[in-house]
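Inspection log for the structure reproduced underneath, given as structure tokens.
The values are calculated or read from the model by the stated rules, or taken from the named source; none is laboratory data. These numbers were taken from a predicted model, which means no experiment stands behind them. Here Cβ is always computed from backbone atoms with ideal geometry, including for glycine, and neighbour counts include all displayed protein chains. Ligands, DNA and RNA are excluded from the accessible area calculation, which covers all protein heavy atoms including side chains. Shrake-Rupley method; radii C 1.70, N 1.55, O 1.52, S 1.80 Å.
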Amino acid sequence: MSTTTLAGREIHVDAEGFLTEYDEWDEALAAQLADQIGVELTPEHWDVIRFLRADFAETGQTATTRRVQAVGGFPVKQQFVLFPKKPGKKMSYIAGLPKPAGCV
Amino acid sequence: MTETQPRIVPDFGDDTDTDRKLVLICSKGNLDMAYPGLVLANAALGEGIAVDMFFTFWGFDMITKDRQQRLRFSPVGNTAMHLPVGGRMPQWLSPFPGMTWVATKMMKKQIDDLGVPPVDEFLDQIVASGGRLWACKMSADMQGLTMEDLRDDVEGIITAADFMDLSEGAQTLFI
């Protein structure tokens, strides 16, 4: 377990830099996480991120791209536009959640 | 023990231009054998890897409009098949009428329970993620099928020689 300093405070992260503590995240931090990986957050990004946060709170798991479409209602194609190349990992990183564990 | 480090940012590989490419040859029309290709294609696309899927022989059923929702799973010849109540499926039982229907129904339910889409919807998602679908010329000719019979997002019916161009420099898997 490591910590890193973000938004002026210590944050717990795993070896790759994904947050490990759900409650250490807030929206100001998300903006900084997004900035670090070159994603500029628009209202559409925020909708996806808020869905991921709420879904994790409910299920205890990070939603896969499939679930973000099927349950969240955000088409996969749009996810690729918002979080280019690796949407599953990028959106979970910004949402302060672990990488999705599901295969699909 | 926690240690403080200045900043850890995941490497999403955006700066390194990858030309990694995956080609999947889907040759089977059984429900259970359709999924390995679908799952791998979807995973690769989600990692920023280009994917082409080439459908040949029985794999054609995955992209044929009136067959892609009707793929079946048969226990016949599958010596590894388990029974839901435990133990192996007796081989003499598997060819009995209705067994394929039951096995297919069960497998579809298991797939659905995991939130994994049916074959046609899975291909929709793969295409939406940037995957490309191709059909084999010889299989089309053998089965008397044309582009009309295939999903609208199949890009073409191509020859074995075309496939060589398609798969140049790619990691290729035959399923």
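I'd like the full set of residues that are farther than 24 Å from B:ARG151 by Cα and among the acidic types (Asp, Glu), limited to the stretch B:92-124. The one that is farther than 24 Å from B:ARG151 by Cα and among the acidic types (Asp, Glu): B:ASP113. Checked against the criterion of being modelled with pLDDT under 95, closer than 26 Å to B:VAL39 by Cβ and buried (at least 17 other Cβ atoms within 10 Å of the Cβ), the stretch A:17-27 contains one or more residues that satisfy it.
Of the numbered criteria (1) among the aliphatic types (A, V, I, L, M); (2) more than 23 Å from B:ILE8 (Cβ to Cβ); (3) modelled with pLDDT of 95 or more, the one A:ILE94 fails is (2). In the set B:GLY59, B:GLY37, only one residue is within 19 Å of the chain's Cα centre (by Cα), within 14 Å of chain A (Cβ to nearest Cβ) and assigned to a helix (DSSP H, G or I); that residue is B:GLY37. Which condition does A:TRP46 not pass, out of (1) open to solvent by 20 Å² or more (accessible area, probe 1.4 Å); (2) within 7 Å of another protein chain (Cβ to nearest Cβ); (3) over 16 Å from B:VAL9 (Cα atoms), if it passes all the others? Unmet for A:TRP46, out of (1) open to solvent by 20 Å² or more (accessible area, probe 1.4 Å); (2) within 7 Å of another protein chain (Cβ to nearest Cβ); (3) over 16 Å from B:VAL9 (Cα atoms): (2). For the stretch B:161-175, taking the residues that are open to solvent by 70 Å² or more (accessible area, probe 1.4 Å) and in contact with a strand residue (DSSP E or B) (Cβ under 8 Å, 6 or more places away or on another chain), the one that is farthest from B:PHE60 (Cα to Cα) is identified as B:GLY169. For the stretch B:62-84, a tally of residues being part of a strand (DSSP E or B), open to solvent by 60 Å² or more (accessible area, probe 1.4 Å) and modelled with pLDDT of 90 or more returns 1.
Note on the stretch B:118-157: residues that are part of a strand (DSSP E or B), touching a residue at least 40 places away in the same chain (Cβ under 8 Å) and not charged (D, E, K, R) total 6.
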